[in-house]
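Here is the structure we will look at, set down as structure tokens.
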4 protein chains.
Amino acid sequence: MNYHKINEIPVKVHGRTIKDACPLPIFWSRSGIEANIRGGELWVDIEVGCDYQEPWFVTEINGAFISRQMLLKGRHKVCLFRNLNPGELRNVKFYKDNQMVAGEAALYTVIHGVETDGTFEPVEDKKLKIEFVGDSITSGEGTYGSFKEIDWRTMFHSSSRQYASYIERALDVESRVISHGGWGVYTGWDNDIRSNIPSIYEKVCGLAAGEENEKLGAKEQYDFSEWQPDAIIVNLCTNDNSAFDQPAFDVPGEGPCKLRRNEDRSFVTEDIEKIKNAITDFLKVLRKNNPKAHILWAYGMLGSEMNLPICDAINRYVKETKDNNVAFLNLPDTTAETVGSFGHPGMFSQEAAAEVLTDYLSKRFDMKINGYKGNI
Amino acid sequence: MNYHKINEIPVKVHGRTIKDACPLPIFWSRSGIEANIRGGELWVDIEVGCDYQEPWFVTEINGAFISRQMLLKGRHKVCLFRNLNPGELRNVKFYKDNQMVAGEAALYTVIHGVETDGTFEPVEDKKLKIEFVGDSITSGEGTYGSFKEIDWRTMFHSSSRQYASYIERALDVESRVISHGGWGVYTGWDNDIRSNIPSIYEKVCGLAAGEENEKLGAKEQYDFSEWQPDAIIVNLCTNDNSAFDQPAFDVPGEGPCKLRRNEDRSFVTEDIEKIKNAITDFLKVLRKNNPKAHILWAYGMLGSEMNLPICDAINRYVKETKDNNVAFLNLPDTTAETVGSFGHPGMFSQEAAAEVLTDYLSKRFDMKINGYKGNI
Amino acid sequence: MNYHKINEIPVKVHGRTIKDACPLPIFWSRSGIEANIRGGELWVDIEVGCDYQEPWFVTEINGAFISRQMLLKGRHKVCLFRNLNPGELRNVKFYKDNQMVAGEAALYTVIHGVETDGTFEPVEDKKLKIEFVGDSITSGEGTYGSFKEIDWRTMFHSSSRQYASYIERALDVESRVISHGGWGVYTGWDNDIRSNIPSIYEKVCGLAAGEENEKLGAKEQYDFSEWQPDAIIVNLCTNDNSAFDQPAFDVPGEGPCKLRRNEDRSFVTEDIEKIKNAITDFLKVLRKNNPKAHILWAYGMLGSEMNLPICDAINRYVKETKDNNVAFLNLPDTTAETVGSFGHPGMFSQEAAAEVLTDYLSKRFDMKINGYKGNI
Amino acid sequence: MNYHKINEIPVKVHGRTIKDACPLPIFWSRSGIEANIRGGELWVDIEVGCDYQEPWFVTEINGAFISRQMLLKGRHKVCLFRNLNPGELRNVKFYKDNQMVAGEAALYTVIHGVETDGTFEPVEDKKLKIEFVGDSITSGEGTYGSFKEIDWRTMFHSSSRQYASYIERALDVESRVISHGGWGVYTGWDNDIRSNIPSIYEKVCGLAAGEENEKLGAKEQYDFSEWQPDAIIVNLCTNDNSAFDQPAFDVPGEGPCKLRRNEDRSFVTEDIEKIKNAITDFLKVLRKNNPKAHILWAYGMLGSEMNLPICDAINRYVKETKDNNVAFLNLPDTTAETVGSFGHPGMFSQEAAAEVLTDYLSKRFDMKINGYKGNI
């Protein structure tokens, strides 16, 4: 058995983080490591800081889900497998299932290294890279747990049952996720306008709290050149939509914030304009940093009331910038049969959304769909 | 936080084991504990002995899958949840996902107790109890892992994706599993005639190896009176079938054993008679110990070549005993689309079998089927 | 057996036509008659004029599909059923499966009466009325026939396998269809700008050709007051989109017409504006005639490239009119697995679209979904 | 347009009938003609005799369902298509959808010829031939019509939505159907022991009534050499099972007949023996006439109570004859979701059964499954 520092082996790092760092910070959901390893045993040397909620990690071997477990505070050697046939080459993926939780200062995760009897072979890049930007839906909130659950906790959130996971399997692509529950493009679900994804999009993990994450580089400007996506799927506005039905939020330094409806339940023009402007501005930010990516605003898993305002903002962006490499698409709404925990899309709703996106991407990028469903 | 010995709290114990023992031995797959607990935090004090393969444990909360993890050798405090709303009543299930592995002397698992801030409420018995008796199919071999996997390891075996799991959810029943991969009703897949389920059926866990399991009571006669099933689903004969195509096995004290085919690939009469007799005898054993259970031989997920011999044996049993509370049913064969790892039925094959059994049981016992599929 | 003139019995007339006319003209697809009849035998006295293509008719009994047949030129007595239990009350529907074919002057269909041994009971209106406006997709082109078929013929077009049919069953509503293959909101697929639905929307059946249809009232202004829909589903723009990739069409009196793309394949602004204006204008026409209907533009079964222009036009309409009772929704794109004949959405694509619309309508109008799928 | 006598063109005749006869009698369900024709128009010259119930005919073009219509008494020219592209080669199938109705003396159907502008190309035999023998399930009773229907009428019976139809598409095979509703292997559902399929199996169509059918050859010995099936699927015993719960039937010349249950609802030995003997005898008849066919008894779509008696009889047959080319398989039971009209399996139940049989046959005969489902 040999110990390898994480930056001394040819593992592929998933998720936005600090390149070549050791220990390797694991910020966003679906972040972690992937290795092609010929050996019978593999352990990961991982360190967790947390206070209120723990990170959850998923292990996949040869593309199939094997394990999902809570990692407690402290430094651990987590065994991914033992006593498998040592001569076999295996693809192993170990990633954080849940989103970075904004506001939990004590929460951080780093991987120091791995221990194995095996040898590493390179993990090649996939032909297509996709960035998923979103809110609780993209953070897979509700994908684990009974529909009775109402606690907002990492154990019920996942990326293993979120659409990115199904799309990766169906199209053999790689993905990154930038998302946080309750956040919007202009405002959070509760009218807290600080909870908007654009404000943190250009940092490595701008919504991570606490000194430890800051030390790990979360607040640094992200170097977009290291991983240029071919497509960016933005699923935002569900929370901006909710804010119209929530009370005002007293934002420090701003005073009470509130998106308002007219008496006929239509949006107050001045307020919907704020969202539209935020969308247009965010598209510019996305384009600046991802010059070649096809940008798809894919929305509608918890109602489609924002279809028209979103498209208005996209149309303005296109008109202003002449950038036509942007599109809009509805995802299927969640039904009584597909709802998961916490009133959120369950695994079958995520799978339905993944089918729509898989079809869209396969046509746009001329890719073949893998239909095998034996084990996932 | 309070510590409770496992036999001092009103948890429901799943799986055949020693009643009221502390520590509580966990032998068979799907064995473990279920609690109704009002509290925000729950830890399990568990001890594992192992050498070659580890046990894997699943946590379900309010009926939904939450976690699946390998437990390493040693005594651990496993956290099932923390910082959930403490006033909420939750149903929590923590069970061994994989089968007892015959032949691994070092392997045992016991639960000593739990630690929690909560209080316990009784877990009521379900209206219907079902015992599943079988081989690798019933042990859920192949239900995790890529179809590429060929290692026979606990990590790829499960009861969480096996038909009992789906049936429990669909019909709100409770189940126990008595099964081992490779074993048959007369002989194992490799013509080792010692690998037969009837020989160990009347012990608590007669196929468990090693001193530790013996000390824990595995070899004791099982007291069938403590949990009388309403139905017994027997899925055996797939390995007896395989043995016809395998070389002879030199069984100590018996010499070479081999089931043979005629030139036209039909079974040699003398050999198929051994299986038929084993079936008839096993039915008598099942009936003796479970006087009121409906016994259903449910077979066919890896070919149906044994349909006629199985039915012949059942018919002989019925004729001899006048016991008509026994039936036969085919389960759907595994296809290229539903095969899992290790050439075995994958999760969708198990789900298809569960649908057939759910329909059968719902009609026989006049039960309503729960069709919700949001998260499982 | 008694003969009844069609306007002397309490049958429900489906589809836009001349109220109380005898003979009753059958113009649009899904048009025909529905009766609640207590009797054992029912014949329809129907007259068909045609030259090139025949009309096809479907019979449904108690909501289930029974027959689909070509009706030849001439006057016929078509038997819907004979020798059924005469004491039973049955709901019977007999409707034209295919669209009115624009340009076929000889084509017309009228129902003169029925012959029966039974008595009629009133057919009550459904709680919800839906008007479907569209093109070949709404005309169900491609829903019958092998994917090899390339002939544009009535036999491969239907409303029995089109989404309206599935939605009627799922939500227990009634519907009308105004649609024609190849037509758009501004132009036909081939740049013939005369092939636009708005130009004929306010007539009874403005696209019907020939003297006979004119005599029957096809060109008369339609009296919208007789059937006010609760929702209008508009599925147009697929052909306007196609026109960008087709050669110019020499429209008499207009000269060559052609929608153009820029070099980067984006739409020439001047040309896409024509479509947007047509959409905005059409929405005004729809609203004028259907003051209370929820208008949903539901699009995307053959690509979604027009999402943004459509939404731009809708947004302009909303801004200008302050009418917020209008929305946009994507329908699922047709895949290699769901394509039907003639490169068009097959029955499973139509069913997928129907599921999305059923979900949308059930939420908006608070209706229960009927999930039974025994026979359709 | 040219007229061709039916025996002067290279059409393929489906269903047991009199070879080369003109007019061609159409007896069994799924019987009719198949042509490969290059032309734009095709009419069939068909003659129907009937009194109480009419025959229903289905047209398929290039393997896809196009039309289903009642044919009234008399001689008709039925148009299958007109004005299609005349240069295209099309496969056209025109077959009787419903079973021959035993006891209706006036009922017969013959095809005299066809009229077309086209030319014929040979229809090659498929690689696999399958004979389906059964009762109402195999006659597709219940596959059309609402679940409310209780009239036993040809309009609700079909072979177009019966499992043979789905299997033909999935495996590209050809099939024949020998079946009648209410009939059994020993007795009819009502204890009328004359209603048994074996008694008529060796005639061309032994259950056809009336002079006309006799003249047409229905009562002649069938020449099995002209179409030797590779597999025979027997789905019988559902009615024999029902007879145990029905009152006695006074059979002329036999007296009252009645299958009886014991007090515990098990079958009276003497009575179940009658069925077993009928099965064993029928297997001998099948084998005598079809020496190379794989015989599969496939049963269970309306309960599986007869599994054990059927298998007992098959085992006796195998023991006695040493013929091992016979097997047993359960088909999936009909559920509340898949039931059709008349309490019978609906189209989705038939499809589920077809999937099981398709899997079985594809494995046994090493055939590829066609998964396309665009239009059927």
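Every read-out reported here was derived from the displayed coordinates using simple, explicitly stated rules and does not represent laboratory data. Quick caveat: nothing in here was measured; it's all calculated off a predicted structure. Ideal geometry is used to build each Cβ from the backbone, glycine not excepted, and the neighbour counts take in all protein chains shown.
Computed from backbone phi with θ = phi - 60° and the Karplus coefficients 6.51, -1.76 and 1.60, the 3J(HN,Hα) list for the stretch A:135-151 is 10, 4, 5, 6, 7, x, 5, x, 7, 10, x, 5, 5, 6, 5, 10, 6 Hz; x is used for glycine and proline. The stretch A:227-304 and the stretch B:261-310 have Cα centres separated by 64 Å.
Considering only the Cα atoms of the stretch C:300-376, their convex hull presents on average a projected area of 6.9 nm². With the cut-off at under 13 Å, measuring from each backbone N in the stretch B:8-32 to a point 7 Å along the Cα-to-Cβ line of B:GLU47 picks out B:22-26.
Listed cross-link partners B:LYS93/C:LYS373; A:LYS12/A:LYS127; A:LYS203/A:LYS274 are compared with a 25 Å cut-off, the Cα-Cα value being larger for B:LYS93/C:LYS373. What whole number of Å gives the distance from the Cα centroid of the stretch A:1-32 to the Cα centroid of the stretch B:128-194? Measuring centre to centre over Cα atoms gives 37 Å. Peptide B:315-324 is shielded by partner chain Cβ atoms: per residue, an average of 3 of them sit within 10 Å of its Cβ.
Under a Gaussian network description of chain A, with springs only between Cα atoms under 10 Å, the residue in A:GLY210, A:GLY188, A:GLY103 that fluctuates furthest is A:GLY103. Measuring against 19 Å, Cα to Cα, the residue pairs B:LYS19/B:LYS215; A:LYS129/A:LYS215; D:LYS276/D:LYS322 contain A:LYS129/A:LYS215 as the ones spanning a longer distance. Under 13 Å of direct C-alpha separation, and excluding same-chain neighbours fewer than eight residues apart, D:LYS5 reaches these aspartates and glutamates: D:ASP20, D:ASP45, D:GLU115.
Loop-located GluC sites (Glu not before Pro) in the stretch C:113-218 (DSSP state not H, G, I, E or B) with no more than 12 neighbouring Cβ atoms inside 10 Å: C:GLU124.
Convex hull volume of the C-alpha atoms in the stretch A:119-227, normalised per residue: 163 Å³. Modelled spin labels at B:ALA248 and D:ASP245, positioned 7 Å past Cα toward Cβ, are 5.3 nm from each other. Take the Cα radius of gyration of the stretch D:189-332 and divide it by 2.2 N^0.38 Å, N being the number of residues; the result is 1.12. For the pair the stretch D:36-100 and the stretch A:351-376, the centres of their Cα atoms are 40 angstrom apart.
Could you work out how far helix A:269-289 tilts from the main Cα principal axis of chain A, as a 0 to 90 degree angle to the nearest 10? Rounded to the nearest ten degrees, it is 40.
Close amide H contacts of C:SER67 (hydrogens built in the peptide plane, cut-off under 5 Å, sequence separation of 5 or more or a different chain): C:THR59. Each 10 Å bin from zero holds the following percent of Cα-Cα pairs in chain D: 5, 24, 34, 25, 9, 2, 0.
Inter-chain neighbour count for D:353-360: the average number of beta-carbon atoms from partner chains within 10 Å of each residue's beta-carbon is 3. Take the Cα of D:ALA336, step 7 Å toward its Cβ, do the same at D:VAL268, and the gap between the two points is 3.6 nm. Panel values: the stretch C:253-314, Kirkwood radius from alpha carbon pairs, Stokes-Einstein at 37 °C and 0.692 mPa s, translational diffusion coefficient 244 µm²/s. Rounded to 0.05, the FRET efficiency of the B:GLU124 and C:GLN228 pair, given R0 = 60 Å and the Cβ-Cβ distance, is 0.65. Once C-alpha pairs closer than 8 Å and six or more residues apart are averaged by separation and normalised to the residue number of the stretch B:226-346, the relative contact order reads 28 percent. Extent along the principal axes, Cα only, for the stretch A:2-121: 45, 27, 22 Å, with the longest axis given first. With a cut-off of 14 Å between beta carbons, the residues surrounding C:ILE314 carry a summed charge of 0, where Lys and Arg count +1 and Asp and Glu -1.
Couplings for the stretch C:117-127, taken from phi via the Karplus curve 6.51 cos²θ - 1.76 cosθ + 1.60 with θ = phi - 60°, read 8, x, 10, 9, 10, x, 9, 6, 5, 6, 5 Hz in order; Gly and Pro are left as x.
Near A:GLY182, the amide H atoms lying under 5 Å from its own belong to A:SER136; only residues 5 or more places off or on other chains count, and H is placed 1.01 Å from N. Between B:ALA336, B:ALA105, B:ALA64, the residue with the greatest mean-square fluctuation in the GNM of chain B (Cα pairs under 10 Å linked by springs) is B:ALA336. Counts of other chain beta carbons within 10 angstrom of each beta carbon in peptide C:328-337 average 6. Neighbours of B:ARG30 by Cβ distance under 12 Å: Lys/Arg scored +1, Asp/Glu scored -1, total -1. In the elastic network of chain C, a GNM with C-alpha springs shorter than 10 Å, the most mobile of C:PRO229, C:PRO256, C:PRO198 is C:PRO256. In degrees between 0 and 90, to the nearest 10, how far off the longest principal axis of chain B does helix B:347-364 point, with axes built from Cα atoms? Approximately 90 degrees, to the nearest 10. Here, the protein assembly as shown yields an orientationally averaged convex hull projection of 55.9 nm² when only Cα atoms define the hull. Partners of C:LYS319 within straight-line reach, counting aspartates and glutamates whose Cα lies under 14 Å from its Cα and excluding those fewer than 8 residues away in the same chain: A:GLU270, A:GLU273, A:ASP312, C:ASP281. Taking Cβ atoms as reference points and 14 Å as the exclusive limit, the residues near A:VAL48 contribute a net charge of -2, counting Lys and Arg as +1 and Asp and Glu as -1.
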